[in-house]
Every structure is written in structure tokens, then in C-alpha cells.
Amino acid sequence: MTRKQLDRTLLCVGAAVAFGLPQLIDSPTYLQIIILLFFYAYLTSAWNLVGGFAGVLPMGHAVFVGIGAYTSTVLFLQYNISPWIGMLAGGVVAAAIGVIIGKPTLKMRGAYFALCTIAFAEGLRVMIENIDMLGPFKLNGPRGLLIPLKGDSLAAFQFMHKEPYYYIILIMLCLVLAFTWFISRSKIGYYLGAGGEEPEAAESLGVNVANYKLLAMAMSCFLTALAGTFYAQLMLYFYPKGLLGLDLSFEIAFIALIGGRGTIAGPVIGALALRPLNEFTRIYLSDQLPGLHLVIFGLILILVMLFQPKGLTAPLSRIYERLAQAITTPGGEKS
Amino acid sequence: MSALYQSLVNGTMMGAMYGLTALGLTLIFGVMKVVNFAHGSLLMVGMFAAYWLLKITGMHPFLALLIVPPLLFVFGYYLQDLVIKPVFKSERGVREPLTVIIVTTGVWYVLDNLALMLFGAEYRTVRTAISGTSFSMGEVIVSWPKFAGFVVSMLTAVGLWLFMLKTRTGKALRATSMDREAANLMGIDQYKIYNVAFGLGTAIAGVAGCVIIPFYYVYPSVGVVFDIRAFIIVVLGGLGSIPGAILGGVVIGIIESTFAQFMTSTWTEAIIYGIFLLILFFKPSGFFGNKQDW
């Protein structure tokens, strides 16, 4: 077995397990946990385009999740436009806002950019909490929006069971992973990497760093907003504090950093490591000791940053390399 | 007119205290080039320390100013030495280490939720000798605890300014903030300087805790309220600038209190964010910012 064959086999096995999983799991609760895991992995992959490849630290990405959710839901509730179309509309709105906000801020150094994104996200959240009607659009202020049940309907993006949601987010995740893989190997990826590490050096070689960063920002915001629509349709209810709050923004960044910033597998590994931990400690510990699950969360964050500052992907891929070598060499078929 | 004077006075006093909460943040950033996300949590630690001290002993809140800040200095010094320094060392070559920001966020989560586990989520207040007292100045009524907080904030800022200007440690702090490598070559142990900077920043959060506690309540996530505001203030004043922090604080305080005359307080919050973004678009270095930092 050659190395390439091994990689492919494992990828196929992984895909088969992922697509077959709903057949094995009956409990909708567990399925929901896995759906949210994929949702976070998806969001983090989208975040990674800016946070990983472009080398800045966006700390307010939840705002684009919110823009996606609000756009598609307002269009659906008031104009009866299918959320699938609303999803794309939300993506376009988010990308436009991302460009407006990115244009002046992406030039700044790390700390300033992080603070700007926080301030923008919090500012927009406070605004939405204060606005009941934005022109003709009903936003409902702090109460949030409720999507009425329409029964099983693909056009209305509503399903009575969890499986369809599972497959939708799984396919979205696969697509975004393929997209980041493609970007990381393309010219854009190399330009972004160069601009993230040494903007001056990259610029002196004729790379327009600012434009590529802006492009990454637009793509990232677009993809993030798509997940916002998904979330709205999955939960059928959302409110500004829950969806646009800093908690979600920070969790996305944490998953990326623990998994490995700027790697393709990082978001998935980070989500696999953090989400179940988060869910189970919250379910089992928060009754007796409120806050313990977040103490554990913070400690893990500190420990990973202390011992694996590049994230968990680096040591895991080293282990994989070694295993792969052990499996492929004794086979004797050297190619 | 008197309502306007009243809100200007209130805004200035509250703003100076916001400035005080931002002072430690700006000091730590100036020297280490790290945005300390745990700063609000350090303020919360300072507030709880002052709360328990005043609650148990019933002493005058001014006396607590002699006890809480030194304790917090030690706390911050060792927090930096044991938790943050190792990460800092692994990112030596980077001017603005992002991993360190994440570590401070971890510290924030741990501290806030440890407080939640230990003390519960309820809002606590303590009655001190100056709580609820006030004096009048013409038509304007001034609350004593806020006035005291204003004076202490100003004294702390001036004290820190003089410390940075006159003492050897202060000079070492400034040298490290200007150029890490050069300072190192001059025989300054940069990691010790970082410990001192972090300790001082934490001690100032302790001062803020002592002056806020006589008129405000404390609860585990109280830091977040001040934290976001402190971030805005430091960017407004210029990251790393001591007078900038106080001036930025006063500006935010006045905007908040005067706009509150015309609209609900949730809208004033939105307006502060709006003004903040406008400043970033047009003058990102703030009032006194160092150009190379942004």
C-alpha cells in the first residue's frame, strides 16, 4: 500500500463513517450535538480564511452568522422567499459588510484588528437589540425572531427529523473544507500566507496584500453567513444576544486556535476536541458547580497554548506521519 | 442648563474611573504589545478583594487602597511569570504575539468562572463609610464616592506618569516598550520587566476595584462591562498612552452621561461603538497613539 492509497482509504473511511452515522445513532439529542459540532467546524473553517491564512485575529465573527440568519429569516417571514435563496442573499450582504469593515481595519496590526472586530460586533448587536423595525424589515429588537413551523418541506428549509439537517451541514462542511484546501494550494493562499507573516516583504515583491486580505474577508463572511441561515432553520428561533454575542465569536476563535490556525484539518480537530467536552461538562457538571465547565474550557485553552502553540493538528499529524510510515514501508511496494 | 452641568460632572467623574480601568490595560499593551483580555477579570478580582476586605473588617474604603493594590501586584506578577511568560517566550520573534492574547482569554474564563463557583452569581454590594453621601456644588450635586474615585483616578494616572518618567524601573519599562532587543542589549531583563508591567497593571485594576466598590455592585462577570469599554478607551486614547487612557475615559463618560439625557441607555452604548468605529476609520492611532503600533 502506498502513501497515497493510505490517505485515500482513510479519507473514504472517514467519509463513509460521517455519512453513515445517522443510521447508527437513534437519539435526536446526540444527533443534535453532532450537528452542532459540524456547524462549529464549518464556522471555524470559514473563520480560518481570515484568521488563519490572512494572519489576523477576527474576534467578532458571530456578527456575520447573525447577518445570515436575519437576512434569510426576514425575507422568509415577510416576503415568503425560500430560505435557500435568503441564504445566498445573507451571504452577499455579509460579504459586503465584511468588505466595508475590512477595508480600513485589515491594514492594522493584530491587536487593533481584534479590538475593532469586537467593537463592530458588539455595536451591531446593541443596535439590533434596539431596533424593532429597520425600515420595512421587522427585526423585533431583543426578542429575536421566531420561524413558524411549516412541516417537512425542502423549499422552506424545515424538517421534522434531524437527519436532513445532519446531511446538509455535513455537505456544507465538506464543501468548505474542499474550498479551504483549494485556496491553500492556490496563488491566493500563498499570497495570503506571505502577507500574513511579512506584509512589508510581500508588498515589496509586488503582492497587493490588502486586496487579497479583503478577498479572504469577503469569502469568509459569505461562508459564515450561510451557516447563520442554517442555524436559524435548525433552531427556528434566535435572538441577538445568543446569536451575535461575543460567546459565539470567541468560541469560533478558540476552536481554530486549539485545532491549529491556518491548517485545513485544524477546525475539525478543534471542534472534535472542544464541542463534546463543552456539551458534556455543561450537561453533567453545571448543576452542581456552575461555571466549572468554563473553568475547564479556559484551562484547556491555556494548556494547549502553553504546550502546543500551533494547535493540536501539529502533533497529531506527526503521529499520523509516523504511523503511515510504519504501515507503508513493510508492504515492500516502493513506488 | 443645570441638568447639563450635572451630566457633565457625572460623566467626567465616571469617565475618569473608566480611564482608571483602562490605565492598566494600556500600560500592559505599551510594554508587552499584548492586549490583555483578562483585564476585566483582574478588575473583578480587585473588586471582590475590596468587597471582602470591607465586608469583613468594615474598614474605610481609603484604607483598602493600601492593602488591595499590593496584593493584586503580587497576583499579577506571578500570573504573568507562571502562565503568560512561557507562551511569550515561544513567540519571541513576533512583535505582537497573538497566542498570548488567547492565553489571556483563557485566564479570563478561568478567573470569572472560579469566582462564579466560589461566590455564586448574585450581585453584591457593601455599605462603606462614604456610600450614598453627597455634597452640592452650586446647583450640581456631587456624590462623594464618585468624587473620591475621580480624585484617586487622577492621582494614580499622575503617579504612574511620574513613575515612568523618573524612576529606573520606569525608564526600563519605557525602554522595553520602545525596542525590546535594544533594551535587552542594555542589560534590561525583559521578562522581569514584563512581570513588573503586568503586576503594575493588575495593581491599578486593584485601585479601580477599591474606588468602584463603594457605589457599584460586584458579581463574577462584572469585568466584561468595564472590559469592552476599556478596550474602546485605550484605542480612543492611543494604545500604550497613559494620558490617552484618562482622556479617552473622560470622553466616553461624558458622551454616555449627556446622551443619556436624550435617549435610553442601550442607545448610548450603540452610539459609543459608532463613534469608536469612526475614530478608527479616520484616526486609528487615537489621541496619543504610537504610529507603529497600528
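The values are calculated or read from the model by the stated rules, or taken from the named source; none is laboratory data. All values derive from a computational prediction rather than experimental measurement. In this analysis, Cβ positions are derived from the backbone assuming ideal geometry, glycine residues included, and neighbour counts consider all displayed protein chains.
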Checked region A:244-261 for anything surrounded by fewer than 24 Cβ atoms within 10 Å (Cβ to Cβ) and away from chain B (no Cβ under 11 Å); matches are A:L248
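Would you confirm, using the coordinates I've provided, whether B:A230 is closer than 21 Å to B:T104 by Cβ, hydrophobic (A, V, I, L, M, F, W, C) and more than 14 Å from chain A (Cβ to nearest Cβ)? Break it down into steps so the answer makes sense when it comes.
Working: closer than 21 Å to B:T104 by Cβ: yes; hydrophobic (A, V, I, L, M, F, W, C): yes; more than 14 Å from chain A (Cβ to nearest Cβ): no.
Taking the combined requirement at face value, the residue does not satisfy it.
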Enumeration of residues in region A:98-112 that are under 18 Å from A:W47 (Cα atoms) and assigned to a helix (DSSP H, G or I) | A:G98, A:V99, A:I100, A:I101, A:G102, A:K103, A:T105, A:G110, A:A111, A:Y112
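Anything in region B:41-78 that is touching a Phe, Trp or Tyr at 6+ places or on another chain (Cβ under 6 Å) and of a type outside the set (A, V, I, L, M, F, W, C)? List them, or say none. Can you show your working first?
The first filter runs over region B:41-78 and keeps only residues touching a Phe, Trp or Tyr at 6+ places or on another chain (Cβ under 6 Å), leaving B:41, B:43, B:76.
B:S41, B:G76, listed by residue number.
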Between a first residue in region A:209-227 that is closer than 18 Å to A:G55 by Cα and a second residue that is modelled with pLDDT under 90 and aromatic (F, W, Y), which pairs have beta carbons less than 7 Å apart while being 6 or more apart in sequence or on different chains?
-> A:Y212/A:Y191; A:A216/A:F53
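If we scan region A:105-115, do we find a residue that is small (G, A, S), within 7 Å of another protein chain (Cβ to nearest Cβ) and either touching an Asp or Glu at 6+ places or on another chain (Cβ under 6 Å) or without any contact (Cβ under 8 Å) to a residue 12 or more places away in the chain (or both)?
Residues of region A:105-115 that are small (G, A, S), as a first pass: A:110-111, A:114.
Checking which are within 7 Å of another protein chain (Cβ to nearest Cβ) leaves us with A:110-111, A:114.
If we keep only those that are either touching an Asp or Glu at 6+ places or on another chain (Cβ under 6 Å) or without any contact (Cβ under 8 Å) to a residue 12 or more places away in the chain (or both) as well, we get A:110-111.
Yes, that holds for at least one residue.
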Members of region B:68-98 found to be over 18 Å from the mean Cα position of the chain (by Cα) and assigned to a helix (DSSP H, G or I), listed by number = B:Y78, B:D81, B:L82, B:V83, B:I84, B:K85, B:P86, B:V87, B:F88, B:K89, B:S90, B:L98
Filter region B:66-105 for residues that are at the interface with another protein chain (Cβ under 8 Å from one of its Cβ atoms) and at pLDDT 90 or above and give the result.
-> none
Within region B:192-207, is even one residue in contact (Cβ under 8 Å) with a residue 12 or more places away in the chain, away from every other protein chain (no Cβ under 14 Å) and more than 26 Å from B:L82 (Cα to Cα)?
-> no
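Can you report the number of residues in region A:127-143 which are within 12 Å of chain B (Cβ to nearest Cβ), among the aliphatic types (A, V, I, L, M) and either touching a Ser or Thr at 6+ places or on another chain (Cβ under 6 Å) or touching a residue at least 60 places away in the same chain (Cβ under 8 Å) (or both)? So that I can check it myself, show each step before the final result.
First, pick out the residues of region A:127-143 that are within 12 Å of chain B (Cβ to nearest Cβ): A:127-131, A:141-142.
Restricting the remaining residues to those that are among the aliphatic types (A, V, I, L, M) gives A:127-128, A:131.
Then drop every residue that is not either touching a Ser or Thr at 6+ places or on another chain (Cβ under 6 Å) or touching a residue at least 60 places away in the same chain (Cβ under 8 Å) (or both), which leaves A:128.
Qualifying residue count for the region: 1.
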